[in-house]
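No lab work stands behind these numbers, since they all come straight from the coordinates. These figures come from a predicted structure and were not determined experimentally. We place every Cβ from the backbone using ideal geometry, glycine too, and count neighbours over all the protein chains shown.
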Amino acid sequence: MALIQCQFFSEVLSLSTSMTVILPQQTSSQIGMQNRQVSDKHKTLYLLHGFSDDDTIWTRRTSIERYVAPLGLAVVMPQVHQSFYTDMKYGNKYWTFLTEELPEIARSFFPLSEKREDNFVAGLSMGGYGAFKWALRHPDKIAAAASLSGAVDMANWIKQDGHLDDVFKLIYGDEDIKDTDNDLLWLLEQGERNPEQPKPALYQCCGTEDFLYESNLTFKKKCEQTSYSLTTDFGPGTHEWGYWEDKIQDVLKWLPLAQY
């Protein structure tokens, strides 16, 4: 595998930013690694960070490079600060950056596939929210999405979590995001009302001792009322890297990579 720290300029953000990228590399003599490169244009997992992290965190806290090596899967990890993957009311347009500019820039730099069936997204906590939002708002571009301990019921969480009031005001202003395109539960309803719209596969896990566990149960119940394919994994665990280190391996096994 090749691990690339990439600094570049974003026209959408009007600033220099960064992404960390893992690319497949075919090798036969690298000790302890089973590397595989399977095509000219790589299937891609966009892997999103949480609220207090950055684009390097998955490579520093987990063995993600080793896990994807035998899969021939590229991984793109962008930097979005504390934006909740949203076009901020008082700040930058991180949603537009993530879903429009980032894929175009990454594909201009690296041989990444543009096909829907070759593109996936996953994330933890804030990144779980971003992953599901991307898949539900752009189901024509994302085939599968995974949320690990995700903030998947943001409309209610914003009202309950007072210590982040200032952050949420920067992102959403005074808007109640319930029944808007920043509300995952509402997005599920909209997708269900459009039967011709493709339905990305969804994977959701959360520890039963996690402070976001109840929110995850709410999302699960809502999703089960729709025709979306949802795989869930709720068991012992808290909001920490030991849990995510284990679960990202389950996500990789779940991704539709059988043709590899």
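Under a model in which nothing but the beta-carbon of Lys, Arg (+1) and Asp, Glu (-1) is charged, the chain shows a dipole of about 780 debye around its Cα centre.
The alpha-carbon atoms of the stretch 170-237, seen along their principal axes, cover 36, 34, 15 angstrom, with the largest extent given first. Panel order for LYS41, LYS221, by other beta carbons found within 10 Å of each beta carbon, from fewest to most: LYS221, LYS41. Simple spin-label estimate for ILE4 and GLN190 gives 3.3 nm between the two label positions (7 Å along the Cα-to-Cβ direction from each Cα).
Taking 0.36 nm per residue of sequence separation and removing the Cα-Cα distance, the GLU240/PHE109 pair yields an extension gain of 43.9 nm.
Hey, how much of the P(r) for the stretch 202-245 falls beyond 15 Å, as a percent of Cα pairs? In whole percent, the share of Cα-Cα pairs in the stretch 202-245 beyond 15 Å is 40.
In the chain, a dipole from Cβ-located charges (positive for Lys and Arg, negative for Asp and Glu) runs towards its positive end, and of ALA2, ALA143, PRO78 it is ALA2 whose Cα lies farthest in that direction. Between SER63 and LYS41, the FRET efficiency from the beta-carbon distance, with R0 = 30 Å, is close to 0.75.
Checked against a 22 Å cut-off, the cross-linked pairs LYS43/LYS141; LYS89/LYS115; LYS178/LYS247; LYS93/LYS115; LYS89/LYS199; LYS41/LYS133 give Cα-Cα distances beyond that limit for LYS89/LYS115; LYS178/LYS247; LYS93/LYS115; LYS89/LYS199; LYS41/LYS133.
Amide H contacts of GLY91: none lie under 5 Å away among residues 5 or more positions distant or on a separate chain (H built 1.01 Å from N in the peptide plane; Pro and chain starts excluded). Here the sum of -39500 (n - 2.57) over DSSP H runs of 4 or more residues, divided by the residues of the chain, equals -8500 deg cm²/dmol at 222 nm, to the nearest 500.
Springs join every pair of Cα atoms under 10 Å in this Gaussian network model of the chain, and among SER229, SER14, SER147 the largest mean-square fluctuation is at SER14. Amide H contacts under 5 Å for THR231: LEU202, TYR203, GLN204, restricted to partners 5 or more places along the chain or on a different chain, H placed in the peptide plane at 1.01 Å from N.
Coupling constants for the stretch 140-145 follow from the phi torsions by the Karplus curve (6.51 cos²θ - 1.76 cosθ + 1.60, θ = phi - 60°), and in residue order they are 7, 10, 10, 8, 8, 9 Hz; glycine and proline get x. Karplus-based coupling profile of the stretch 178-185, in residue order and whole Hz: 4, 6, 10, 6, 9, 10, 4, 5, with θ = phi - 60° in 6.51 cos²θ - 1.76 cosθ + 1.60 and x standing for Gly or Pro. Taking the number of Cβ atoms within 10 Å of each Cβ as an exposure proxy, the fewest-first ranking of CYS223, CYS205 is CYS223, CYS205. Remark: relative contact order (the chain) = 16 percent; criterion is Cα-Cα distance under 8 angstrom and separation of 6 or more residues. Computed from backbone phi with θ = phi - 60° and the Karplus coefficients 6.51, -1.76 and 1.60, the 3J(HN,Hα) list for the stretch 229-236 is 7, 10, 9, 10, 9, 10, x, x Hz; x is used for glycine and proline.
Extents of the stretch 2-254, taken as max minus min of Cα coordinates on every principal axis and listed largest first, are 54, 41, 38 Å. Neighbour counts of C-beta atoms inside 10 Å place THR56, THR99 in the sequence THR56, THR99, starting with the fewest. Taking the chain as the reference, fit the longest principal axis to its C-alpha atoms, fit the long axis of helix 213-223 to the helix C-alpha atoms, and give the angle between the two in degrees, 0 to 90, nearest 10. It works out to around 90 degrees.
Spin-label model, ARG116/LEU164: points 7 Å from Cα along the beta carbon direction are separated by 3.0 nm. Across GLY127, GLY50, GLY242, mean-square fluctuation computed from a Gaussian network of the chain (C-alpha pairs under 10 Å connected) peaks at GLY242.
Angle of helix 126-137 to the longest C-alpha principal axis of the chain, folded into 0 to 90 degrees and rounded to 10: 90°. With the crude spin-label approximation of a point 7 Å out along Cα→Cβ, what separation in nm comes out for GLN249 versus SER229? Those two pseudo-labels are separated by 2.4 nm.
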